[in-house]
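Let me begin by presenting the structure, written as structure tokens, before commenting on it.
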Amino acid sequence: MIDALTRHELLNWLNQIIGYSEMLIEEADGSGQENLIGDLGKITCAAQQMLVQLQTPLTCSPSCHSAINTNDSHKQTASPDQVAHHFNPVDTECNGRGSLLVVDDNPANQEILSRRLENQGYQIAMAGSGVEALEKLTSNRFDLVLLDVMMPDMGGYEVLQRMKADTVLRNIPVIMISACSDMGQVILCIEAGAEDYLPKPFNSTLLKARISATLEKKRLCEQERRYASQAMQTEAALERHRALTQAVAGVAHEINTPLGIVKTGLSIIRNRLSLPNIQALFRENSETEALLQDMLESSGLTIKNVDIAHRLIENFKKIAVDQLLEHQDTVDLPALLKDTVDLFKISARQARLDIRLDASGILKAREWHGYPGYLTQIMMNFLQNIERYAYPNGIGGQVDIAVSDRVLPAKAPQFVLTVRDYGAGINPEHIGKIFDPFFTTGRGKGGTGLGLAIVNNMVTVAMQGAVSVESEPGFGTCFTLCFPKNLT
């Protein structure tokens with residue numbers, strides 16, 4: 001009866017014999033030394049026969065025997081020719097690349113495994129003990145750890161426990177390296193969070209498949225975490241937007257109160273100045289008569305501009321409330337677009353933008369039943385992007401906004417809205433990403449990468465439409481929105 005420690009050592013030696021023989025077969029086949037392949041195959045075959053004898057039920061624990069019966073590579077012994085054919089040079093263009101840490105206290109095992117993985121295109125680092133492995137893990141970035149179960153001082157199970165207890169290391173996948181007699185430890189490691197295990201000696205096909213599968217699973221998990229993080233950030237940004245919109249609506253209401261008082265006071269003054277007895281007092285000489293005329297004109301002009309300010313604030317308040325309540329309404333589309341452009345007038349003047357609105361393409365009804373607040377937000381995002389990216393640093397330029405209607409076969413009537421600039425344009429490599437959340441080339445210009453992502457979501461989901469973009473560097477950009485005249 002062979003004890004567990006002796007069996008472990010024998011398996012390590014067999015792993016080295018088989019591993020080195022297989023690598024020599026690969027090198028001989030790739031260097032034109034085919035005459036060596038037959039003899040090397042015999043060595044490998046003999047080692048595998050010894051492996052089968054070592055792993056018979058008479059010398060293995062029940063758990064070990066179960067593992068052997070589920071491993072096809074150990075059920076029968078291959079011929080030398082089959083061995084030589086099976087271990088052709090590994091395709092270095094394998095799926096994916098990554099940085100792997102190989103942890104094994106046996107230098108020969110380290111070398112065999114590392115050389116195989118380097119041939120597959122991976123970057124390899126090695127550690128000869130559990131302590132060294134933890135030191136390297138804390139100071140370097142690895143995509144996967146291949147961890148031997150049985151090591152002196154600190155075994156693989158303890159290393160795994162410490163990794164899973166660490167908030168940084170816990171997400172690094174671990175594949176246990178095990179001799180058959182270590183099966184009980186392997187089960188403990190799997191229960192503790194290891195992804196998989198590889199038996200010694202290493203089967204090159206199994207090695208490649210399990211590492212590729214583990215790295216792919218890691219990639220998908222990281223992608224899922226990124227998407228979850230992006231969703232949380234987007235929701236937080238939308239919540240801030242709702243809070244700001246609510247505050248704007250409140251401020252607009254408060255501003256209207258003093259504007260109303262100003263208008264009332266000016267109207268009283270103007271009415272008093274228009275009374276015949278008051279006007280008679282000012283007509284005593286030419287100077288006082290001119291003063292009366294100036295006061296009448298000034299008060300009239302002030303009242304007119306107060307009315308304009310009141311109307312703008314009311315529009316701003318309505319837009320804010322519409323956005324806050326996600327309110328559907330029937331509106332005159334060109335009028336809504338004009339109000340939006342008016343809201344942007346101050347920024348447009350500072351950025352020297354010449355914004356032109358053309359609604360002559362609407363041949364039928366101008367009314368749109370939808371979300372006015374959403375469309376206003378979309379237009380504001382477009383105009384802000386044009387100010388920031390198309391004509392940066394106040395260089396100024398023309399912006400053409402055009403709206404038309406169309407009827408397509410078997411489809412409801414639609415509006416087509418285009419926003420075109422003639423500025424810097426978009427780099428072709430960025431076109432496919434501009435609607436992605438958090439993609440921006442303007443972090444230093446105040447860009448968050450959310451503006452066009454929100455636009456895309458509003459158009460496709462809320463407005464049941466579509467948005468597209470065409471651009472050429474140096475010649476400008478055109479965004480096109482198509483959406484139904486009446487939302488269902």
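Does region 193-201 include one or more residues that are assigned to a helix (DSSP H, G or I), within 26 Å of R115 (Cα to Cα), modelled with pLDDT of 90 or more and in the same structural domain as G128 (by TED's automatic domain parsing)? I'd like the intermediate steps shown before the answer.
Just the residues of region 193-201 that are assigned to a helix (DSSP H, G or I), to begin with: none.
No, because not a single residue in region 193-201 is assigned to a helix (DSSP H, G or I), within 26 Å of R115 (Cα to Cα), modelled with pLDDT of 90 or more and in the same structural domain as G128 (by TED's automatic domain parsing).
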Inset, instruction - Could you identify the single residue in I172, I190 that is part of a helix (DSSP H, G or I) and either modelled with pLDDT of 90 or more or surrounded by fewer than 23 Cβ atoms within 10 Å (Cβ to Cβ) (or both)? - result: I190
Inset, instruction - Check whether at least one residue in region 251-272 is touching a residue at least 60 places away in the same chain (Cβ under 8 Å), within 28 Å of Y374 (Cα to Cα), in contact with a Lys or Arg (Cβ under 7 Å, 6 or more places away or on another chain) and surrounded by 13 or more Cβ atoms within 10 Å (Cβ to Cβ), and report yes or no. - result: yes
Inset, instruction - Considering only residues that are surrounded by fewer than 24 Cβ atoms within 10 Å (Cβ to Cβ), aliphatic (A, V, I, L, M) and over 31 Å from the mean Cα position of the chain (by Cα), look in region 144-169 and name the one that is modelled with the highest pLDDT. - result: M154
Inset, instruction - State all residues of region 304-351 that are of a type in the set (S, T, N, Q), modelled with pLDDT of 75 or more and part of a helix (DSSP H, G or I); if no residue qualifies, say none. - result: N305, T340, S347, Q350
Inset, instruction - Would you confirm whether any residue within region 351-359 is assigned by TED's automatic domain parsing to the domain that holds N457, in contact (Cβ under 8 Å) with a residue 12 or more places away in the chain, in contact with a Lys or Arg (Cβ under 7 Å, 6 or more places away or on another chain) and buried (at least 18 other Cβ atoms within 10 Å of the Cβ)? - result: no
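The values are calculated or read from the model by the stated rules, or taken from the named source; none is laboratory data. Being a predicted model, the structure only gives us computed values, none of them experimental. Note that we place each Cβ from the backbone using ideal geometry, even for glycine, and neighbour counts take in every protein chain shown.
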